[in-house]
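The values are calculated or read from the model by the stated rules, or taken from the named source; none is laboratory data. Just so it is clear, the model here is predicted, and its values are computed rather than measured. Because the Cβ atoms are built from the backbone with ideal geometry, glycine has one as well, and the counts that use them run over all protein chains shown. Quick note on the areas: whole protein, heavy atoms, side chains included, nothing else; ligands and nucleic acids left out. Shrake-Rupley method; radii C 1.70, N 1.55, O 1.52, S 1.80 Å.
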Amino acid sequence: MLDLDLLTQLRGVFGSLETELTLRVHPSTHEKQAELVELATELASTSPKLRYELAGDAVDTVLLEVFKDGAATGIRFAGVPGGHEFTSLVLAVLNSDGKGKLPDAGLRARVRSLRGPAALRTFISLSCTNCPDVVQALNLIALDHPGISHEMIDGGLAPDAISALGVQAVPSVFLGDKLISVGKSSYGELLEILARELGTDAAAVAEQPPQNFDVVVLGAGPAGVAAAIYTARKGLKTAIVAEKMGGQVADTLGIENLIGTNYTEGPKLVVDLEKHARVYPIEILSHRRVESMELATPDAANGAKRLKLATGEVLLAPTVIIATGAKWRELGVPGEKQYLGRGVAFCPHCDGPFYKGRRVAVIGGGNSGVEAAIDLAGIASHVTLIEYADELKADAVLINNMRGRDNVTIISSARTTEVVGDDAKVTGLRYEDRRSGEIKSVDLDGVFVQIGLVPNSGAFRDLLKTNKFGEIIVDDKGRTSAPGVYAAGDVTTAPFKQIVIAMGSGATAALTAFEDHMRAG
């Protein structure tokens, strides 16, 4: 099952294991059982500290659990973790041994404060690129909390559960039978969701004093990392606060316009960004979200701004560089939120396979919308692309490609007014014909929203000047309306949302901040 080169690599990866780890496969007569046994057996052969056993209660599907020193870790795989999920299994082994990239002490304390017990299940597709992030994050949470377990479930092997729970998008995370998260989520976002659902024991988290820095950079995409590297190189004590490394770049597959690099992919660029940042003494506080910022008062020491994070941590710094990027824009119509994960989706690549042979709509006629329609046309029985403007805004080559598909219908001059469903799932949508004013309906099984991005500026809009789109207004050197606060990248009014432009604007904001710092000093 695993080729010789991969087995050799795994021997190197697992060569440093220190504790006794067991891959326990439960007895089963399922057709995938032999495949799972083979996978577990081959993995166990790569280290004397790792073994395979067939034990436990019999199951209808297939099930693998990870044990450490004879005790369950809380990590379970209901399926054969191949494809993108193979990495999740490898990391589950390493993380169970206390190795790999683990959350810092502050986050782990936050996990231990959750009120258990809780049994979490994540339904995934082996072709989903977002699913492993959620699976790996919840596995880490299970490792740090003895009362929490997490089970990855291959949706393709659990049709009855998929039908009973109404799962129409992955990853879908359930607490019992309650859907608590759909789609892409970071470790920090999942931790916040669990805190809301389970509650926390505040006394379990030791209150920490504020941390002081010269510069705090908010965001770890191209703009944020560039800003942090430049301030660190100038000798300023710098921290990065971000929900995840890379920002939107992590969700970008092919990148062909980063000057000096013929071709790279988003996940690889994210690794390169973090690797470069860690060359310098930058404190990277990942899986964090800024809850509020207080600007300096006249009597504040060194003009420090106070940043409160959702984890409860407080950071103080005279200089803040906001590089929080943007997120998918929502339609804001009735039914959209109600049917999120039950027919409304934002990731065609991840959720498209659920709509094989079914009817879907794509909202948005820009490049992302047309690309989504092209991809979905190869899966769905029919694709309806709906565009508000009179003409599509995508590149001509993409439009021509889409028009060559027999199962794509294009409706322009249309304003989506409602996503329609039967309380369980999407059944269609309504739109207004902007030429006639007539309200029309389309029968559908799924709606993919592709209408652009909205800046992540909500935490700062009461403090800084923004435009009508919510973008932070900056001058040509990255200064905002507040002294000591700078902004860069997609969250700003800077034109053209491109990686190379974000990097340049991050560097500009950092150099401006240093220039202002020197003048003030």
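Looking only at the stretch 394-408, how many residues end up being open to solvent by 70 Å² or more (accessible area, probe 1.4 Å) and in a loop (DSSP other than H, G, I, E, B)?
Summing the residues that are open to solvent by 70 Å² or more (accessible area, probe 1.4 Å) and in a loop (DSSP other than H, G, I, E, B) in the stretch 394-408 gives 3.
Can you find, within the stretch 282-334, the residue that is surrounded by the fewest Cβ atoms within 10 Å (Cβ to Cβ) among those that are of a type in the set (S, T, N, Q) and under 28 Å from residue 200 (Cβ atoms)?
Of all residues in the stretch 282-334, those of a type in the set (S, T, N, Q) come to 286, 292, 297, 302, 311, 319, 324.
Remaining after also requiring under 28 Å from residue 200 (Cβ atoms): 286, 292, 311, 324.
Values: 286: 19, 292: 13, 311: 21, 324: 31.
This residue is 292.
Hey, can you tell me all the residues within the stretch 121-135 that are of a type outside the set (Val, Ile, Thr) and surrounded by fewer than 24 Cβ atoms within 10 Å (Cβ to Cβ)? Break it down into steps so the answer makes sense when it comes.
Applying the first criterion (of a type outside the set (Val, Ile, Thr)) to the stretch 121-135 yields 121, 123, 125-128, 130-133.
Scanning the stretch 121-135 gives 121, 125, 126, 127, 130, 132, 133.
Which residues, taken from the stretch 403-432, are among the aliphatic types (A, V, I, L, M), in contact (Cβ under 8 Å) with a residue 60 or more places away in the chain and in contact with a strand residue (DSSP E or B) (Cβ under 9 Å, 6 or more places away or on another chain)?
Initially, the stretch 403-432 is screened for residues among the aliphatic types (A, V, I, L, M), giving 408, 410-411, 414, 419-420, 424, 426, 429.
Retained after the next criterion (residues that are in contact (Cβ under 8 Å) with a residue 60 or more places away in the chain): 419-420, 424, 426, 429.
Once the filter is applied, which keeps residues that are among the aliphatic types (A, V, I, L, M), in contact (Cβ under 8 Å) with a residue 60 or more places away in the chain and in contact with a strand residue (DSSP E or B) (Cβ under 9 Å, 6 or more places away or on another chain), the stretch 403-432 yields 419, 420, 426, 429.
Among all residue pairs at least 6 apart or on different chains, which show Cβ distances below 6 Å where the first residue, located in the stretch 346-373, is over 23 Å from residue 441 (Cβ atoms) and the second is among the basic types (Lys, Arg)?
366/393
Restricting to the stretch 433-467, what's the tally of residues that are in contact with a strand residue (DSSP E or B) (Cβ under 7 Å, 6 or more places away or on another chain) and closer than 30 Å to residue 293 by Cα?
Total satisfying the criteria: 11.
I'd like the residue in the stretch 335-351 that is surrounded by fewer than 24 Cβ atoms within 10 Å (Cβ to Cβ) and of a type in the set (Gly, Ala, Ser) and, out of all such residues, is farthest from the chain's Cα centre (by Cα).
335
Can you find a residue that is assigned to a strand (DSSP E or B) and either open to solvent by 40 Å² or more (accessible area, probe 1.4 Å) or at pLDDT below 95 (or both) anywhere in the stretch 492-501?
No; the residues of the stretch 492-501 include none that is assigned to a strand (DSSP E or B) and either open to solvent by 40 Å² or more (accessible area, probe 1.4 Å) or at pLDDT below 95 (or both).
Among the residues of the stretch 88-105, how many are open to solvent by 10 Å² or more (accessible area, probe 1.4 Å), touching a Lys or Arg at 6+ places or on another chain (Cβ under 9 Å) and more than 22 Å from residue 270 (Cβ to Cβ)?
1
Can you find a residue in the stretch 108-123 that is closer than 21 Å to residue 352 by Cα, in contact with a strand residue (DSSP E or B) (Cβ under 6 Å, 6 or more places away or on another chain) and hydrophobic (A, V, I, L, M, F, W, C)?
Yes, the stretch 108-123 has at least one match.
Under the condition of being of a type in the set (A, V, I, L, M), touching a helix residue (DSSP H, G or I) at 6+ places or on another chain (Cβ under 7 Å) and outside any loop (DSSP other than H, G, I, E, B), which residue from the stretch 364-393 is surrounded by the most Cβ atoms within 10 Å (Cβ to Cβ)?
Step one: list which residues in the stretch 364-393 are of a type in the set (A, V, I, L, M), which gives 370, 372-374, 376-377, 379-380, 383, 385-386, 389, 392.
Narrowing further to those that are touching a helix residue (DSSP H, G or I) at 6+ places or on another chain (Cβ under 7 Å): 370, 372-374, 376, 379-380, 383, 385, 392.
Now drop any that are not outside any loop (DSSP other than H, G, I, E, B), which leaves 370, 372-374, 376, 383, 385.
Numbers: 370: 28, 372: 27, 373: 33, 374: 21, 376: 27, 383: 28, 385: 29.
Taking the candidates together, the pick is 373.
Applying the selection to the stretch 218-267, what residues are assigned to a loop (DSSP other than H, G, I, E, B) and open to solvent by less than 70 Å² (accessible area, probe 1.4 Å)?
Filtering the stretch 218-267 down to residues assigned to a loop (DSSP other than H, G, I, E, B) leaves 219-221, 234-237, 243-246, 252-253, 256-263.
Within the stretch 218-267, 219, 220, 221, 235, 236, 243, 244, 245, 246, 252, 258, 261 meet the criteria.
Of all residues in the stretch 152-196 being closer than 30 Å to residue 284 by Cβ and free of Cβ contacts under 8 Å to residues at least 40 places away in the same chain, which is surrounded by the most Cβ atoms within 10 Å (Cβ to Cβ)?
Step by step, filter the stretch 152-196, then rank; the result is 180.
Within the stretch 433-452, which residues are under 26 Å from residue 327 (Cα atoms) and either surrounded by 17 or more Cβ atoms within 10 Å (Cβ to Cβ) or free of Cβ contacts under 8 Å to residues at least 40 places away in the same chain (or both)?
Kept after step one, since they are under 26 Å from residue 327 (Cα atoms), are these residues of the stretch 433-452: 444-452.
Answer for the stretch 433-452, where residues must be under 26 Å from residue 327 (Cα atoms) and either surrounded by 17 or more Cβ atoms within 10 Å (Cβ to Cβ) or free of Cβ contacts under 8 Å to residues at least 40 places away in the same chain (or both): 444, 445, 446, 447, 448, 449, 450, 451.
Would you kindly identify the helices (runs of 4 or more DSSP H) lying entirely within the stretch 1-98 that contain at least 3 residues that are modelled with pLDDT under 95?
Numbers: elements: 4-13, 33-44, 86-96.
Passing ranges, in order: 4-13.
Step by step: first the residues of the stretch 54-79, then only those that are over 15 Å from residue 21 (Cα atoms) and among the charged types (D, E, K, R), then the one that is least open to solvent (accessible area, probe 1.4 Å). Which residue is that? Walk me through how you get there before you give the answer.
Filtering the stretch 54-79 down to residues over 15 Å from residue 21 (Cα atoms) leaves 56-63, 77-79.
This time we only want the ones that are among the charged types (D, E, K, R), so: 57, 60.
Numbers: 57: 119, 60: 148 Å².
The extreme case among them is 57.
Being touching a residue at least 24 places away in the same chain (Cβ under 8 Å), open to solvent by 30 Å² or more (accessible area, probe 1.4 Å), not in a loop (DSSP other than H, G, I, E, B) and not basic (Lys, Arg) is the filter here, so list the residues in the stretch 455-486 that pass it.
459 - this is the single residue of the stretch 455-486 that is touching a residue at least 24 places away in the same chain (Cβ under 8 Å), open to solvent by 30 Å² or more (accessible area, probe 1.4 Å), not in a loop (DSSP other than H, G, I, E, B) and not basic (Lys, Arg).
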